1. Could you tell me whether region 1-68 comes out rounded, prolate or oblate from its Cα gyration tensor? Rule is a ≥ b ≥ c as square roots of the eigenvalues, rounded for a/c under 1.5, then prolate if a/b exceeds b/c, otherwise oblate.
2. What list of ³J(HN,Hα) couplings, whole Hz, do you get for region 20-29 from phi and the Karplus terms 6.51, -1.76, 1.60, once you set θ to phi - 60° and write x for glycine and proline?
3. When a footprinting reagent is the concern and you count Cβ atoms within 10 Å, what order do 170, 182 take, fewest first?
4. Take residue 116 and residue 76, extend 7 Å from each Cα along the Cα→Cβ direction, and tell me the distance between the two endpoints in nm.
5. Could you run the Karplus curve 6.51 cos²θ - 1.76 cosθ + 1.60 with θ = phi - 60° over region 111-116 and give me ³J(HN,Hα) per residue in whole Hz, x for Gly and Pro?
6. Defining a contact as two alpha carbons under 8 Å apart and six or more residues distant in sequence, what relative contact order in percent does region 5-111 show?
7. Taking H placed 1.01 Å from N in the peptide plane, check which residues at least 5 places from residue 23 or on another chain put their amide H under 5 Å from its amide H.
8. Extension gain residue 152-residue 58, at 0.36 nm per residue separation less the Cα-Cα distance, in nm?
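Read-outs throughout are calculated quantities, based only on the coordinates presented, and are distinct from any laboratory measurement. Only a predicted model underlies this, so the values are computations on that prediction, with no experimental measurement involved. Using ideal geometry, Cβ is built from the backbone for each residue, glycine included, and neighbour counts are taken over all protein chains shown.
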Amino acid sequence: MPLVPRRVLQHGGLPIEHIYFIEDGLVSVFANAEERNGVEVWLIGREGVVGSPAVLGRKVTPLRYVVQIGGDALRISVEDLAQLMADMPSLRAALLDYLHTALVQSSQSAACGLKHAFPQRLARWLLTAQDRCTRDDLPITHELLARILGVRRATVSEAVNAFEQRGLLDRLRGLIRIRDRDGLEKSACRCYRITRQEGAPQNTRGKLFALPLFWALLEVELVAI
């Protein structure tokens with residue numbers, strides 16, 4: 001199914017009906033900080049799953065899942081996935097492993113927000129986003145970054161301007177282009193290296209293929225049946 005930017009795949013407080021395996025695109029997971037505003041706690045791309053609390057048997061989650069960069073995903077009902085996990089322990093193991101990765105990412109994101117300067121946090125976010133959607137051009141605006149990271153738009157613009165002057169990225173209409181990934185990594189805090197080491201194989205620019213590859217194999221097996 002297509003992933004349309006700004007679409008909410010899962011509302012907080014409503015029953016989880018489907019699980020989405022992201023093939024392409026980027027999804028933000030928001031936790032409520034105020035009545036109308038939320039703060040991103042982790043990012044989901046090709047490595048991940050939307051609606052993962054259902055893997056643990058949770059029927060409702062307070063988290064909200066919003067598409068930030070469009071793409072496509074594979075969707076399955078919670079009931080069908082539960083049956084598959086019962087029949088295929090390796091699928092359950094793969095999903096639980098992803099949940100651990102998501103826990104590390106969300107925990108590190110919280111620590112980063114408390115301890116590190118905003119330019120470091122922004123560099124970490126841009127690198128993480130690029131890892132998960134494998135694009136140099138990120139269709140993301142300053143206003144959206146401000147909402148995601150819980151700061152003023154002016155704070156985002158100031159940091160982006162500084163990175164642009166150093167030749168790390170370019171600002172284009174409606175998107176940010178990463179020009180110097182190595183330089184951006186040097187500008188990021190240690191949190192990026194921790195989450196990347198935990199969730200990605202080495203020497204792959206953070207392309208996390210485990211779950212999509214497993215899902216493709218699962219499709220082949222089901223067709224064979």
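1. Verdict is oblate for region 1-68.
2. Couplings: 10, 9, 6, 9, 7, x, 9, 10, 8, 10 Hz.
3. So the residues, fewest neighbours to most, are 182, 170.
4. 3.4 nm
5. Going residue by residue, I get 5, 4, x, 8, 10, 10 Hz, with x marking Gly and Pro.
6. Relative contact order comes out at 36 percent.
7. 72, 73, 74
8. Gain in length upon complete extension: 30.4 nm.
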